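Single-structure report; data block below.
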Amino acid sequence: MSSISNPTPVMDRHSKFPIESLRSQFPALHRTPPFTFFDNAAGAQVPQIVLDAVNQHLVERNVQRGGRYRHSREVDATIARARESVAVFLNARDPSEIAFGMNATSFIRLVSLAIGQTLKERNEIIVTDLDHEANVATWLALEREGAKFQWWKMRDDGNLHPEDLKPLLSSKTRLVACTVASNALGSIVDVAAAAKLAHEVGAEVFLDCVHYGPHAVMDVVAFDCDYLVCSGYKIFSPHMGFLWGRRKLLEKLPTFREDFIPDEPPGKIEAGTFIYENVAGMDAAVSYVENLGKSLRDTEGSSQANSKRAHIVRAMTAIRSYEESLSLELLRILRACGATIYGVAEDHRVHERVPTLCFNLKKTAPARVTETMSDAGIGIRDGHMYTPRLMKRFGLRQDSGVVRISAVHYNTMEEVHRFGDVLLDLSKHE
Ligand SMILES: Cc1ncc(COP(=O)(O)O)c(C=O)c1O
């Protein structure tokens, strides 16, 4: 097999990123036979600190919250602590603005059902064709409630442009629902610019941060959004989701709850039991990120800022920078294999993407590419990536779609090259 390795790796400038010590914290990355996880957009692996937190919760306090005995009080404390740490993770001012639940989709549905009840004359909702269908179909379902829709469309350069949002906004716009980063193409959207325009006409902004979460700094203040949803399983935690909303808006949101639950966040958006052990895992995932920030501070010098938030920002900034080098190398490999790259493909625009890339080889079916990779011990995915509207735009059939490789910070340049070698071989035999 020929090799795709780059003799002058673009990685050199990021040699300080502590990739080996980070990888050593993820047991799944060291199993036999070895396996390369490049399907992280569908869920990432978890570090030992998260496994320990889940395990400890199940062993020490696997009971219902709200009781007067020690174990139950500890569950209450675990949830409160997780709320605080997720609030810091998002730069939220108030932990009561964080709600825990099953996943992102059910939170989008919960908020959309509530907004559907309060549309009145402001009844227009703006959705995008770049988004995961969870943040499109849920809003479109409000047609029954009298909602009207406007489409903010991706340009052919693979991204959404705030200038294109502007003419869609009016005094009738109730909400703009858009993604921060595309789970299919990896494009990062300028959501702060979009929020500024939306707020100028009095509209609200609902952000899907599910795909952006593992790749860069989340900041509800900088995004200036009104709601934001995220999934733990993409950010090195078990399956669970969380919602952030501005307290004043959450207070007004008409949600389903039993009469004995006060009409206040977060309880009013958390009816029923969620998975406490996974919430404990999410808290530990934030600690994992914080610990990375602390270790980077120790290398950079002790004069660096010391708060939990500062550590998180430092860690996620380093992750983003390291991941840019993975994106550049993946783009180079795909070009060398003659693949069609969907989305942001130019090196000089690498800051506009995360290392999630959709592509197709000239003649080989997506399923055959992923099966060949699987035989080589590499996990990637083929299909529509829950973005049927994008598939249509690219002229692709939904049942075959694209091939997607999605890296995160624990992936190495060697893994990228292993993927490249298999792909090059496949492309040569087309
Ligand atoms: C961008 C994006 N939004 C929404 C979702 C749906 O998230 P969940 O599975 O937590 O409902 C996903 C899942 O992959 C996603 O990538």
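The table that follows gives values for the structure above.
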quantity	calculated
Percentage relative contact order, the chain, counting C-alpha pairs under 8 Å, at least six apart	22 percent
Gaussian network model of the chain, springs between alpha carbon atoms under 10 Å - residue of Pro254, Pro262, Pro162 with greatest fluctuation	Pro262
The chain - percent of accessible surface contributed by carbon and sulfur, probe 1.4 Å	51 percent
Cut-off 13 Å, label 7 Å out along Cα→Cβ of Glu251, residues of segment 87-131 by amide N	97
Per-peptide average of other Cβ atoms within 10 Å, ordering 255-261, 201-207, 378-384, 364-370 highest first	201-207, 378-384, 364-370, 255-261
For segment 378-383, 3J(HN,Hα) per residue [Karplus equation, 6.51 cos²θ - 1.76 cosθ + 1.60, θ = phi - 60°, Hz, x = Gly/Pro]	10, x, 10, 9, 10, x
Kirkwood hydrodynamic radius of segment 140-260, Cα pairs, Å	15.6 Å
Charge dipole (the chain, unit charges on Cβ, about Cα centre) - positive-most of Asn411, Asn55, Ala141	Ala141
Hydrodynamic radius (Kirkwood) for segment 52-175, which is based on Cα pairs only, to one decimal in Å	17.7 Å
Within the chain: Cβ-based charge dipole about Cα centre, in debye rounded to nearest 20 (Lys, Arg +1; Asp, Glu -1)	320 debye
Solvent-accessible area per residue for the chain (1.4 angstrom probe, square angstrom)	42 Å²
Cα centre as origin, Lys/Arg/Asp/Glu Cβ charges: segment 74-123 dipole, Debye	260 debye
Convex hull volume per residue for the chain, taking Cα atoms only, in Å³	147 Å³
For segment 41-182: relative contact order, % (alpha-carbon pairs under 8 angstrom, 6 or more apart)	19 percent
Relative contact order of segment 51-109, defined on C-alpha pairs under 8 angstrom at six or more residues apart (%)	17 percent
Dipole magnitude of segment 185-307 about its Cα centre (Cβ charges: Lys, Arg +1; Asp, Glu -1), debye to nearest 20	120 debye
Computed helical MRE - 222 nm, the chain, DSSP H runs ≥ 4 contributing -39500 (n - 2.57), nearest 500	-12000 deg cm²/dmol
Rounded Å value of the spacing that divides the Cα centres of segment 378-430 and segment 246-304	33 Å
Rounded to 5, the percent of DSSP beta bridges in the chain classed as antiparallel	50 percent
Highest-fluctuation residue, Asp224, Asp375, Asp156 considered, GNM on the chain with Cα pairs under 10 Å	Asp375
Dipole-positive endmost among Ile126, Ser112, Pro254 within the chain (Cβ charges, Cα centre)	Pro254
Selection of chymotrypsin sites (Phe, Trp or Tyr not before Pro), segment 48-121, meeting DSSP coil and at most 10 other Cβ within 10 Å	Tyr69
Gap separating the Cα centres of segment 119-171 and segment 11-72, nearest whole Å	36 Å
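The values are calculated or read from the model by the stated rules, or taken from the named source; none is laboratory data. What you see is a predicted model, and the numbers here were worked out from it, not measured in a lab. Neighbour counts are summed over all protein chains in view; Cβ atoms, including those assigned to glycine, are modelled from backbone coordinates with ideal geometry. In case anyone asks, the SASA skips ligands and DNA or RNA and just uses the protein heavy atoms, side chains included. Shrake-Rupley method; radii C 1.70, N 1.55, O 1.52, S 1.80 Å.
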